[in-house]
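Working notes, structure below.
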Amino acid sequence: MNTATLSLPAPAKLNLFLHITGRRADGYHNLQTLFQFVDYGDTLHFSCRDDGQINLHTELPGVAPEDNLIVKAAKRLQNATGTSLGADITLEKRLPMGGGIGGGSSDAATTLVGLNRLWESNLNDDQLAAIGIALGADVPVFVHGKAAWAEGVGEKLTPVELEEPWYLVVIPPYSVSTAEIFSDQRLTRDTSPITLAAFREVGGRNDCLPVVAARYPEIRNTLILLNNYCEAKMTGTGSCLFGAFPNEREADKVRARLPATLRSFVAKGCNVSPLHQLINK
Ligand SMILES: C[C@@](CO)(OP(=O)(O)O)[C@H](O)COP(=O)(O)OP(=O)(O)OC[C@H]1O[C@@H](n2ccc(N)nc2=O)[C@H](O)[C@@H]1O
Ligand SMILES: Nc1ncnc2c1ncn2[C@@H]1O[C@H](COP(=O)(O)OP(=O)(O)O)[C@@H](O)[C@H]1O
């Protein structure tokens, strides 16, 4: 009997800016963004099964087990490798769903990386990313685990070295669906492409923010509140907002001033994802 087990992190990501540069014939949007990880996220526990079953033992509210990206990732890896092995999986969920911090995509990527090891399938990261992209546009960056400049729909990745500040991430009590924002008529879809050098010089914005702010006045108000203390930004298609700080203490100080009812966390920015820091030790 195969008794191998593995526990791995599934960290959050932040989009430091997000420009939408066009729309493809299939309706998907071309974008430019910078992804960086934070050392805060979900944890997944895997144990190997001999009978090929994929059993996820943790339920997520509103997500049927067969729709969970963890189960989908495990089944796609099984199909791609032809393995007869399966897995028991439990999830410690910390990341909000629909927060723009990529929890579902990160869970899927950690499942691909983890089961590839547990089943000794020996696929490389490019092969795992190719399986992952079908599950979500953000899965490849989590599979590769390096802070990256991204183009296309997020799959054309160039690793970058960024400063690693501390972030205060605020979690407004709203789940924003990515599809909802991309289908809004008001979305700016024609931002001119920029270079990484230009971003480093003049920065960028989040093209999704005006749409999210119009649809969710409370998120706009939370952004105004956070802007009192730092340059507040929104990650992905929202809802999470964040600001950068030179150290943990400064971030904690601002966190302490926020209303107690507003969920938030403080975490360190990382150019190598905590998943890859662990597996490459
Ligand atoms: C735009 C980003 C930036 O990180 O937003 P967040 O989801 O993280 O907030 C992501 O790339 C999102 O990736 P992901 O959340 O995996 O999106 P998907 O499930 O692939 O797409 C959900 C839906 O959004 C639309 N969509 C998504 C990505 C894209 N580049 N263009 C689109 O038009 C499509 O209608 C698609 O059916
Ligand atoms: N393991 C999972 N974790 C989170 N969300 C999941 C998962 N599996 C499927 N989903 C679905 O994916 C949606 C997007 O989730 P998530 O990746 O957390 O948001 P975002 O793309 O905004 O960061 C959720 O609202 C949920 O319906």
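The values are calculated or read from the model by the stated rules, or taken from the named source; none is laboratory data. Being a predicted model, the structure only gives us computed values, none of them experimental. A quick note on method: Cβ atoms are made from the backbone with ideal geometry, for glycine too, and the neighbour counts reach across all protein chains shown. For accessibility, only protein heavy atoms count, side chains too; no ligands or nucleic acids. Shrake-Rupley method; radii C 1.70, N 1.55, O 1.52, S 1.80 Å.
Annotation: of all residues in segment 79-91 being under 12 Å from residue 48 (Cβ atoms) and without any contact (Cβ under 8 Å) to a residue 60 or more places away in the chain, the one that is farthest from ligand 1 (Cβ to nearest atom) is 84. Need the failing condition index for residue 155 against (1) modelled with pLDDT of 95 or more; (2) under 15 Å from the mean Cα position of the chain (by Cα); (3) of a type in the set (Asp, Glu), just the number. Here residue 155 clears every test but (1).
Within segment 94-145, the residues that satisfy the criterion of being surrounded by fewer than 21 Cβ atoms within 10 Å (Cβ to Cβ) and of a type in the set (D, E, K, R) are 94, 117, 120, 125, 126.
Total residues in segment 1-42 satisfying the condition of being assigned to a strand (DSSP E or B) and open to solvent by 30 Å² or more (accessible area, probe 1.4 Å): the figure is 9. Looking only at residues of segment 146-163 that are hydrophobic (A, V, I, L, M, F, W, C) and assigned to a loop (DSSP other than H, G, I, E, B), we find that the one that is surrounded by the most Cβ atoms within 10 Å (Cβ to Cβ) is 147. Screening segment 43-87 for residues that are on the phi > 0 side of the Ramachandran plot and out of contact with any helix residue (DSSP H, G or I) (no Cβ under 9 Å at 6 or more places or on another chain) and picking the one that is least open to solvent (accessible area, probe 1.4 Å) gives 82. Name the residue, out of 94, 76, that is within 15 Å of ligand 1 (Cβ to nearest atom) and among the basic types (Lys, Arg). Within the list 94, 76, the selection yields 76.
Is segment 193-200 home to any residue that is charged (D, E, K, R) and in contact (Cβ under 8 Å) with a residue 12 or more places away in the chain? Steps first, answer last, please.
Just the residues of segment 193-200 that are charged (D, E, K, R), to begin with: 200.
In the following step, the residues that additionally are in contact (Cβ under 8 Å) with a residue 12 or more places away in the chain were identified as none.
So far as segment 193-200 goes, no, none of its residues is charged (D, E, K, R) and in contact (Cβ under 8 Å) with a residue 12 or more places away in the chain.
Report whether or not residue 275 is open to solvent by less than 20 Å² (accessible area, probe 1.4 Å), among the aliphatic types (A, V, I, L, M) and in a loop (DSSP other than H, G, I, E, B). Judged against the criteria, residue 275 is not a match.
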